[in-house]
Each structure stands twice: as C-alpha cells, then as structure tokens.
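Reviewing the structure listed below.
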Amino acid sequence: MKRILLVEDSTLFGSSVKEKIESKFECAVHWTKSLKDTEALFAEQEEDFAIGILDFVLPDAQNGEIIDMVLDHGVPVIVFSALFSDDVRKFIWSRKVVDYLLKKRPESVDYVLALIKHVMEAENVKILIVEDSRLYRRSVRELLEVRKYHVLSAATGNEALEIIRKNPDIRMVITDYYMKEMDGVELTSQIRKTHTRDEMAIIGISSDEDGVVSAQFIKSGASDFLNKPFLAEEFYCRVTQNLDLLDYIQEVKDLSSKDFLTGLYNRRYFFDLGKKIHASALREKTKIAVATVDIDYFKRVNDTHGHDVGDLVIQSVSNILANACRETDIVSRFGGEEFCILTPNITPADSLKLFERVRQTIQDSVIQVQGADIRVTASIGVCSTLLKTLDDMIVRSDQMLYRAKNQGRNKVQIT
C-alpha cells in the first residue's frame, strides 16, 4: 500500500483532506502538524512516501522550511497553503515542486486529489521529449521527472520516430519546432500516420510569437502548443490537461466497448473487431479459434445465494479468463453466464491446451463470499477450424458447448 505524507497544523482542514484522500485512494495517509513531528516520522519510517502535501507555514517553520526537508528525502511535494505573494510563489517554484495551490479556492482539494492520482500513476506514463538543444532537453526532462513520469528523449525527428516505433505505448510527445533534418511540424505529421489524437498527445513548442508556427502545429495534428519561454505552472497545466483528455477518451471508449460488470469486452466489440481478425485470417491463411464458455448450473448459484453472489461468481470467472488469455485475444461476455473468446494465431492442439487449462483453473478456484466457499465449473466448446464467417465459427463452438454439456459438463469439446 502506498503512503502519503500530509503536513498541516489545522486540525479541521487536515482531517478533511486526510479523509478525502483515504476515501479516494487505497493508501495510508501519515499526518503531522509540525516540522519537528515530520522529522521524527522520517526518522522512524523506512518506506518512502509516494507524495507529500505540505502547508507552507507551520508553528515551528514559518518560512517554508518543511519543503526542503521533505524534498531532501526524495518525496515529490505539493504545497497547499493559504499564503500567497509573488515572493512566496517564486520561492516555492524554485524548489521544483509538483504544484502550488491555494486553500482559499474550494475546488483546490479536488485538484490536489487529481494531482495525487497523476503522481501515483506517472511511472507508467511515457513522455517523449524531442529537442535538439541539450540544455533545453534537460530542463524539460527535469520538470517531468519532478512528477515521476517515465521520460524518453530524442535530439532529432528521425530519432524520435524510431523511439516511438520501439515504444508504441508513449502517451505524449513534446517537440520543439526548429530541429535539423525534420522540424516539429513535419514530425507531428509523421506521428499522426500511426498514432491518432485519441492515442497520443503532442505538444508543440517554439519561441516564435507570431502565431504562424502554433497554427501549423495544430493543423498538422498537435494537441496543444506552448511558447518559449514558459512558466513551470503553465507547462504542468498543459501536460496534465492533455493526459486527462486521453484518459477521458479512453473511458468513453470503454463504456461503449466493455461490459459494465466484468470489464471484459462486450458482444458488440467482439463482432466489430472479431470480423476484422477473421477476415485477416482468411486472407493470410492463418489459424484462429473461437471458444464459447458457459458456467455450469449457474441458475443454482443465483437461487441458492442470490444475484449479488452470482455477479461475484461471474466476475471471478471473468478474471480467470482474462488472466489465462493473451493480450491479442478477444475475451468477451456475451450475456448472463456465457462468454466468447477469439484467439488468433493458434493451432488446434494449443487451443485445446489453453482451454483445458482454463477449465481446470475454474474448477480449482474457491470463491469466498459472506463466509461461504463457492465452487463452480464451466463447459467449453471450441471451433479451431477456420470457417467461412465468424458467425459460422460461433455456431460451431456453440455446438461443441452443447456436446460438453450433454457429456456431463465441466469438459472441453473441440472441433
């Protein structure tokens, strides 16, 4: 469990923030009210904190001394204070903090929660910097590393394209305009040939102030633009905003393509993508398999334990299916207790091994609910013969499923 440090001398405000953090995240919040207490906490704790939320003024540290002390322990810092002045602001940002927020604004606590989420997930977020100036590349890298992002860098457009080819999960590219070989606008156009706006954010950067370069960037597919020089605050706002937008888009996609109970793909998505995979298999003459999975005697579970427990059983079986299959497989819930799986590039022999392993795992699993141990089994029908249409393969897998049911259930039948 990750740990969060909260340093706040106000009992009312501190208890409110602590409660909101712990209700939103699976983490332990360690709350201190002074510099001395925080030093004692670090002396007795061996594990690191994921992030620290600090008040600027404390009873025994009136001038922000707490910031340097926590930063010296390698903890990313959010300063959350009622104090604001140009001198204080400059002092805080000179310390390379995650952000500086005012308590007076009612929306600030929600913003802090969003920042915590960003920092806790940042190590899994890849951001590529493309800049031919080593000095500027290093300064942007340092800003991103304050928030713990996984940072990659390139000095040229061609180098950037190669890095993207090797790291297709890059979430954001921050690119300068003026570079040798290929400028930032052309690089943006090249990236958009393989990565849409829904998949990757691109922020263009330039010192030009006439607006022409920014327009070229946006028209070429950039998500945003920044003028050099920029404030760290503005930079962080743009990065956060664009990453949030990608997350929102993914959430909308998931709502339309995934089953709400299990998180598996829904029937519609299965057919949309499955037909493309089937067509490709026909064209390339490769092997695919379609399997239909049905939980045995599921009505008995609902009648005995209730529908809430039935939902937990469905979720448990869904997790087994998802964990057993490869990333390239389509695992979907068709409805009720029935699932359908499409596995590309797999031989009949390997299909049998895979689904026999799935069947055995379901049989061996114990679902503990309300003090009761519930066990279920599943029957599985597999079509490993490439037929004319995907519908034909599903019909054949259904026939094999019924054969498995008729032969006593808890079996795999394959054709």
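Would you list the strands (runs of 3 or more DSSP E) that sit entirely within segment 1-64 and hold 1 or more residues that are within 20 Å of residue 84 (Cα to Cα) and either touching a residue at least 24 places away in the same chain (Cβ under 8 Å) or within 24 Å of the chain's Cα centre (by Cα) (or both)?
2-7, 51-54
Could you list, in sequence order, all residues of segment 219-234 that are under 22 Å from residue 199 (Cβ atoms) and touching a residue at least 12 places away in the same chain (Cβ under 8 Å)?
Once the filter is applied, which keeps residues that are under 22 Å from residue 199 (Cβ atoms) and touching a residue at least 12 places away in the same chain (Cβ under 8 Å), segment 219-234 yields 220, 221, 222, 223, 224, 225, 226.
Touching a Gly at 6+ places or on another chain (Cβ under 8 Å), among the hydrophobic types (A, V, I, L, M, F, W, C), crowded, with 19+ Cβ neighbours inside 10 Å and modelled with pLDDT of 95 or more: is that true of residue 174 in this structure?
no
How many residues are in contact (Cβ under 8 Å) with a residue 60 or more places away in the chain and surrounded by 15 or more Cβ atoms within 10 Å (Cβ to Cβ) when one looks only at segment 317-345?
Adding up the residues that qualify gives 10.
Suppose the filter is touching a Leu at 6+ places or on another chain (Cβ under 6 Å), assigned by TED's automatic domain parsing to the domain that holds residue 283 and outside any helix (DSSP H, G or I); does residue 408 pass it?
No; evaluated as a whole, the condition is false for this residue.
Given the structure, is residue 54 modelled with pLDDT of 90 or more, touching a helix residue (DSSP H, G or I) at 6+ places or on another chain (Cβ under 7 Å) and closer than 16 Å to residue 115 by Cα?
yes
I'd like to know if segment 64-82 contains one or more residues that are within 24 Å of residue 34 (Cα to Cα), surrounded by fewer than 15 Cβ atoms within 10 Å (Cβ to Cβ) and at pLDDT below 90.
yes
Taking segment 186-239 as the region of interest, how many residues are charged (D, E, K, R) and assigned to a helix (DSSP H, G or I)?
5
Taking segment 167-197, which residues are within 18 Å of residue 248 (Cα to Cα) and in contact with a Leu (Cβ under 7 Å, 6 or more places away or on another chain)?
Correct list: 170, 171, 172.
Looking only at segment 165-185, how many residues end up being assigned to a helix (DSSP H, G or I) and either out of contact with any strand residue (DSSP E or B) (no Cβ under 6 Å at 6 or more places or on another chain) or under 30 Å from residue 70 (Cα atoms) (or both)?
The total comes to 3.
So for segment 361-383 (the condition being buried (at least 20 other Cβ atoms within 10 Å of the Cβ) and under 30 Å from the mean Cα position of the chain (by Cα)), does at least one residue qualify?
yes
So which residues in segment 361-391 are among the hydrophobic types (A, V, I, L, M, F, W, C) and in a strand (DSSP E or B), if there are any at all?
Of everything in segment 361-391, those that are among the hydrophobic types (A, V, I, L, M, F, W, C) and in a strand (DSSP E or B) turn out to be 367, 369, 372, 374, 378, 380, 382, 383.
Restricting attention to segment 145-163, does a residue exist that is out of contact with any helix residue (DSSP H, G or I) (no Cβ under 6 Å at 6 or more places or on another chain), aliphatic (A, V, I, L, M) and under 30 Å from residue 49 (Cβ atoms)?
Yes - at least one qualifying residue is present in segment 145-163.
The values are calculated or read from the model by the stated rules, or taken from the named source; none is laboratory data. Only a predicted model underlies this, so the values are computations on that prediction, with no experimental measurement involved. Positions of Cβ are generated from backbone atoms using ideal geometry, with glycine treated the same way; all protein chains shown enter the neighbour counts.
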